[in-house]
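Please treat every number below as a calculation from the coordinates, not as lab data. Computed from a predicted model, the values in this text were never measured in an experiment. Using ideal geometry, Cβ is built from the backbone for each residue, glycine included, and neighbour counts are taken over all protein chains shown.
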Amino acid sequence: MQQVKAVVARTKGAPVEVVTINVPDPGPGEAVVKISTCGVCHTDLHYREGGINDDFPFLLGHEAAGVVEAVGPDVTGVAPGDFVVLNWRAVCGECRACKRGDLHYCFATHNATQKMTLADGPDAGAELSPALGIGAFAEKTLVAAGQCTKVDAEARPAAVGLLGCGVMAGIGAAINTGAVTRGKSVAVIGCGGVGVAAVAGSALAGASPVIAVDIDAKKLAKAVEMGATHTVDSSQSDPVEEIKRICAATYEGAEGADVVIEAVGRPETWKQAFYARDLAGTVVLVGVPTPEMKVPDLPLIDVFGRGGALKSSWYGDCLPSRDFPMLVDLYRQGRLDLDGFVSEEIGIGDVEAAFEKMHHGEVLRSVVVL
Ligand SMILES: NC(=O)c1ccc[n+]([C@@H]2O[C@H](COP(=O)([O-])OP(=O)(O)OC[C@H]3O[C@@H](n4cnc5c(N)ncnc54)[C@H](O)[C@@H]3O)[C@@H](O)[C@H]2O)c1
Ligand SMILES: [Zn+2]
Ligand SMILES: [Zn+2]
């Protein structure tokens, strides 16, 4: 057992706090990882606001790179000293999804068995719920060994750590879930870290046009840097009409985009995605809605009559062991600009301020350096 500093959301809606936590020594199947960097994702804010579940206190942070410090007795896949990106899909190999060969849907991904706990305060000893089973706004964290994906140790941690969640979710929403390829048109609604990653993934796959939609001009400018060919400011014009117009100008007869990726997580933007796609096109929902959200007034005949596929993308349908090393290689070759997602490097005490900046559209990713 050791004690380290970490960022915890103690109660619903309250600002996060830097506290001391207890990290157990790794048991069977577990690893302790010394965290180098961890990005601030919108999902951390969802946790703090009670939008995911009520299992407070949460140990936040889940987009991390670090170095394995110690492993449990039976662990063979990683060893102390390995540079790893942490993942929240440690495939179990035994659940229904794994058994039928859909490893990217694994319904029983592995997390650490032992619990990290609060070290101080009136609730000392309380078990922490690590965000997405990771909890990496911490000097060290305890995870399942399968959550450690070894990547090229020469890579910049702040950049490649983002593959641990948002950037992988966005790239995968385009390439894996949306099956974006050359010759397809793509629109991405919501250009935060996840949406811009979907833009970058679509550009990497050779799609054209790649249309970025946001209500914030700064986000649209960033999306262009990362590969968008067109932008739509949906606070100024109707995104459905604009997407249709841009696609029809490229492909005669097109009535929308082949793939529309929703990366906000709201009913109104999902509805825009639904109506902005071409006949038999694909909608990918990667934004995470809250439990009370509903899509009102969607005629079932429109669902039928427009055909195609309405999909959700969990973690970009990624397989970390396949996708992380491959994307890190593309980054090292200069073909995928992961540095472009890092807006700022901040300290462990700056997470609450980073949430504020996220609200004001000032950053793609703030990355905590530990
Ligand atoms: N499915 C997954 O596996 C997965 C993984 C990570 C994150 N997410 C989710 O993806 C979503 C985006 O995450 P993020 O970190 O990029 O968040 P973010 O806050 O950085 O980005 C959201 C973007 O949406 C834009 N936006 C807000 N309202 C809009 C509207 N009405 N129309 C157009 N754009 C609008 C904002 O300006 C911002 O640029 C969140 O819901 C997050 O929880 C999903
Ligand atoms: Zn499984
Ligand atoms: Zn995330």
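For the chain, what is the charge dipole size about the Cα centre, in debye to the nearest 20, if Lys and Arg each add +1 at the Cβ and Asp and Glu each add -1 at the Cβ?
Once rounded to the nearest 20, the dipole reads 740 debye.
Taking a ≥ b ≥ c as the square roots of the Cα gyration tensor eigenvalues, with a/c under 1.5 meaning rounded and otherwise prolate when a/b beats b/c, else oblate, which class fits the stretch 170-314? The partial results should precede the final answer.
Working: a/c = 1.33, a/b = 1.14, b/c = 1.17.
Taking the square roots of the gyration eigenvalues as a ≥ b ≥ c, the stretch 170-314 is rounded.
Tabulate in residue order the Karplus-calculated ³J(HN,Hα) for the stretch 256-270, using 6.51 cos²θ - 1.76 cosθ + 1.60 with θ = phi - 60°, rounded to whole Hz; enter x for Gly and Pro.
x, 8, 5, 10, 10, 10, 8, 10, 10, x, 9, x, 5, 6, 5
Taking 25 Å as R0, compute the FRET efficiency from the Cβ-Cβ separation of ALA179 and ASP152 and round it to 0.05. Don't skip to the end; give the middle numbers.
Working: r = 27 Å, r/R0 = 1.09.
That pair, ALA179 with ASP152, gives E of 0.35.
Which whole number of Å³ per residue matches the convex hull of the alpha-carbon atoms in the stretch 236-370? Mind dumping the intermediate values first?
Numbers: hull volume 24.2 nm³, N = 135.
Cα convex hull per residue, to the nearest whole number: 179 Å³.
Taking H as built 1.01 Å from N, whose amide H comes closer than 5 Å to the amide H of THR37, not counting residues under 5 places away?
Amide H to amide H, under 5 Å and 5 or more residues apart or across chains, THR37 pairs with ALA65, LEU370.
Through the Karplus equation 6.51 cos²θ - 1.76 cosθ + 1.60, θ set to phi - 60°, convert the phi angles of the stretch 68-81 into ³J(HN,Hα) values in whole Hz; use x for Gly and Pro.
5, 9, 8, 10, x, x, 9, 7, 10, x, 9, 9, x, x
With loop defined by DSSP as not H, G, I, E or B, and exposure as at most 10 other Cβ atoms within 10 Å, which is the longest segment of the chain clear of exposed trypsin sites (Lys or Arg not before Pro)?
Values: sites that count: ARG100, ARG182, LYS294, ARG335.
In the chain, the maximal stretch lacking such sites is 183-293.
Show the residues, 5+ positions off or on another chain, whose built amide H is closer than 5 Å to the amide H of ALA187.
ILE211, VAL259, VAL260, ILE261
Roughly speaking, what is the centre-to-centre gap between the stretch 122-187 and the stretch 1-66 when only Cα atoms are used, to the nearest Å?
14 Å
Tell me, what is the percent relative contact order of the chain, built from C-alpha pairs under 8 Å that lie six or more residues apart?
On the way: 959 pairs, mean separation 65.3, N = 370.
18 percent.
Which value in Å is the Kirkwood Rh of the chain over different Cα pairs?
On the way: mean 1/r = 0.0482 Å⁻¹.
20.8 Å is the Kirkwood radius here.
In whole Hz and in residue order, list the ³J(HN,Hα) couplings for the stretch 112-125 that follow from phi through the Karplus curve 6.51 cos²θ - 1.76 cosθ + 1.60, θ = phi - 60°; x for Gly and Pro.
Once θ is set to phi - 60°, the couplings for the stretch 112-125 become 4, 7, 6, 9, 7, 9, 6, 8, 10, x, x, 9, 3, x Hz.
Using only C-alpha positions, report the orientation-averaged shadow area of the convex hull of the stretch 258-334, nm², one decimal. Don't skip to the end; give the middle numbers.
Details: hull surface 26.4 nm².
Computing the convex hull of the Cα atoms and averaging its projections yields 6.6 nm².
In nm, what is the difference between 0.36 nm times the number of residues separating HIS360 and GLN236 and their Cα-Cα distance?
Details: separation 124, 0.36 × 124 = 44.64 nm, distance 1.79 nm.
Additional length available on full extension: 42.9 nm.
Out of the DSSP beta bridges found with both residues in the chain, what percent are antiparallel (nearest 5)?
Details: 35 of 62 bridges.
Among the beta bridges of the chain, antiparallel pairing accounts for roughly 55 percent.
So how far apart, in nm, are the two label points at VAL224 and ASP102 if each is 7 Å from Cα heading toward Cβ?
For the pair VAL224/ASP102, the computed spacing is 4.1 nm.
When the helices in the chain are scored as -39500 (n - 2.57) per DSSP H run of 4 or longer and the sum is shared across all residues, what 222 nm value do you end up with, to the nearest 500 deg cm²/dmol?
On the way: 11 runs with 94 residues, N = 370.
When only DSSP H runs of four or more count, the value is -7000 deg cm²/dmol.
Just flag the GluC sites (Glu not before Pro) in the stretch 225-295 sitting in loop per DSSP whose Cβ has no more than 10 other Cβ atoms within 10 Å.
Working: sites: GLU225, GLU241, GLU242, GLU252, GLU255, GLU262, GLU268, GLU292; in loops: GLU252, GLU255, GLU292.
Answer in residue order: GLU252, GLU292.
Just to be sure I understand: with springs between alpha-carbon atoms less than 10 Å apart, which residue in PRO24, PRO122, PRO325 has the highest mean-square fluctuation in the Gaussian network model of the chain?
Judging by the Gaussian network model, the answer is PRO122.
Place a point 7 Å from Cα of GLU252 in the direction of its Cβ. Which residues in the stretch 183-197 have their backbone N less than 19 Å from it?
183-185
So if each residue of separation counts as 0.36 nm, and I subtract the Cα-Cα distance between LYS5 and ARG335, what length gain in nm does that give?
On the way: separation 330, 0.36 × 330 = 118.80 nm, distance 3.60 nm.
Gain on extension, LYS5 to ARG335, equals 115.2 nm.
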